[in-house]
Amino acid sequence: MSRLKDTGIKTLKLFAENKMTVYSGNATLFIITAAFPFIMLIISIVNMLPGYSPKDVADIFFKILPDLDSLKELILAMVVNLKNQSGGLLASAAALTTLWSASAGVAAIQTGLNGLEGSQPGKGMINIIKRLLFTLALILLIPALLIFEVLGESIKDIITGIMEKLGLESIELRLSSILNFGNLVIILTAFLVILLLYAYLPVKRHTLKSRIPGTLFCGIGWVVFTELFAFFVPRFYHASSLYGSLAALFLALLWIRVIIMILFIGGALNKALEKESNNI
């Protein structure tokens, strides 16, 4: 318990000393500005897939956002409006410019993680390519999740059929109950994305194993704060009826700001544990 307390104090000290609240604010601003080109590129890809709509894209975002009607309406309206501006985007040189703009949010997170490491921002071509690849991977991830949702039932039927033929009915029943939780895929995907961000996005590379504690903290903190946010906001915040979409934008900014802070606290935890292991 004493060691856990010491680690927590060191983590918060690293977070404060490196002015991560400032980095969080900067990252929030850049993520908001990068959201429009980011979603535009996603919709451009989704438009190439048969049977998908902007509503399907919005549903993916709803799974990681707080369960608030005002936020859902804002995201859905943004996705629908951007659909009309994304036609043929991938076939033009504008896609590269849009990808560059969409990488601004990733670049801001990279800068914050480098700040925790005490490293320079890293303006070399390697770091630029790294940011673009991370952004492109995130953009492709949404259509991949959409496809998985459709194929999920087919994959489940194939696996359960094999289990039945092998006489593993008990395992098949347990596996079937697990596969019914579609959110499990979202959780595992989010875990992997955060883990890769911690390990490979900063200038200094780390092993995946060493970044697991911060990833677990960030994932749990994300879920807990999102649930609390969705629970308390409707009970204590009544401005949405007066300010409409402006209130929804404020709520989105507040939520993103805290989530980015949780992400950086997880990075500080990884750094604190790394220092402790080096001192042993």
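The values are calculated or read from the model by the stated rules, or taken from the named source; none is laboratory data. Since the model is a prediction, treat every value here as computed from it, not as a measurement. FYI the Cβ positions are ideal-geometry reconstructions off the backbone, even for glycines, and counts take in every protein chain you see.
Structural remarks
- If you go through segment 62-71 and keep only what is closer than 17 Å to residue 258 by Cα and in a helix (DSSP H, G or I), you end up with just 71.
- Looking only at segment 191-220, residues that are surrounded by 15 or more Cβ atoms within 10 Å (Cβ to Cβ) and not in a helix (DSSP H, G or I) come to 4 in all.
- Residue identified as over 28 Å from residue 220 (Cβ atoms), modelled with pLDDT of 65 or more and crowded, with 16+ Cβ neighbours inside 10 Å among 145, 132: 132
- Looking across segment 221-245, the residues that are touching a helix residue (DSSP H, G or I) at 6+ places or on another chain (Cβ under 9 Å), assigned to a helix (DSSP H, G or I), at pLDDT below 85 and surrounded by fewer than 16 Cβ atoms within 10 Å (Cβ to Cβ) come down to 234, 241, 243, 245.
- Selection status of residue 87, within 25 Å of residue 32 (Cβ to Cβ), at pLDDT below 65 and touching a Pro at 6+ places or on another chain (Cβ under 9 Å): no
- Every residue from segment 1-53 that is polar (S, T, N, Q), part of a helix (DSSP H, G or I) and in contact (Cβ under 8 Å) with a residue 60 or more places away in the chain: 7, 11, 21, 24, 26, 28, 33
- Residue 270 being in contact with a Gly (Cβ under 7 Å, 6 or more places away or on another chain), at pLDDT below 95 and polar (S, T, N, Q): yes
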